[in-house]
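Report on the structure given below.
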Amino acid sequence: MVQPKTKETDGSVIEFIESVGNPKKREDAYQLLDIFTETTGYEAKMWGPSIIGFGSYHYRYESGHEGDAPLVGFSPRKAKISLYFATGDTEREALLSDLGKHTTGKACVYINKVADIDVLVLQALITQSVRFLQEKYPNQ
């Protein structure tokens with residue numbers, strides 16, 4: 001069976017943030033660390049080499065593929081900051097329309113900097129995502 005690429009590790013979140021080369025992106029990463037920690041109540045954990053995740057859930061698809069993933073997370077990448085939220089909930093799209101300057105990929109939301117977005121909407125997205133995944137994948 002195929003193993004998920006991104007797994008929780010024992011890596012240090014602070015060491016990872018300190019390794020971010022761009023000082024402004026590093027500052028934004030610390031701000032996001034505070035926002036996600038405060039909003040979720042979960043301790044930040046490294047998932048793979050570059051994703052900072054909060055909480056976790058176990059998923060199982062009809063295909064039989066299963067694994068664990070963070071409920072929400074972010075990664076301060078070179079080009080943009082990636083934000084990870086649940087997909088599949090209609091409330092997500094409504095919240096994203098009020099987030100501020102961002103782009104979206106298949107599952108990620110990309111921002112240039114925290115100053116470009118509404119932090120209250122970000123907190124609502126975090127809360128919505130955690131709630132949606134905990135309801136969809138109970139017994140965590």
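All of the numbers you see were taken from the coordinates with simple rules; none came from a lab. Predicted model only: the values in this text are computed from it and were never measured. All Cβ positions, even for glycine, are placed from backbone atoms using ideal geometry, and neighbour counts span all protein chains on display.
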E135-R60 pseudo-label distance in nm [points 7 Å out on the Cα-to-Cβ vector] | 2.2 nm
Using 0.36 nm per residue, how much length does the chain from N22 to T103 gain when fully extended, once their Cα-Cα distance is taken away?
-> 27.1 nm
Inter-centroid distance (Cα atoms) of segment 64-80 relative to segment 1-57, Å = 9 Å
Which semi-axis lengths, in whole Å and largest first, follow from the square roots of five times the eigenvalues of the Cα gyration tensor of segment 1-65?
-> 26, 15, 9
Extension gain V121-E38, at 0.36 nm per residue separation less the Cα-Cα distance, in nm?
-> 28.5 nm
Once every DSSP H run of n ≥ 4 in the chain is given -39500 (n - 2.57) and the sum is divided by its residues, what mean residue ellipticity at 222 nm do you get, rounded to the nearest 500 deg cm²/dmol?
-> -11000 deg cm²/dmol
From largest to smallest, what semi-axes in whole angstrom does the chain give when each is the square root of 5 times an eigenvalue of its alpha carbon gyration tensor?
-> 23, 19, 13
Evaluate the charge dipole of segment 43-140 about its Cα centre and quote only its size in Debye, nearest 20, assuming +1 on the Cβ of each Lys and Arg and -1 on the Cβ of each Asp and Glu.
-> 420 debye
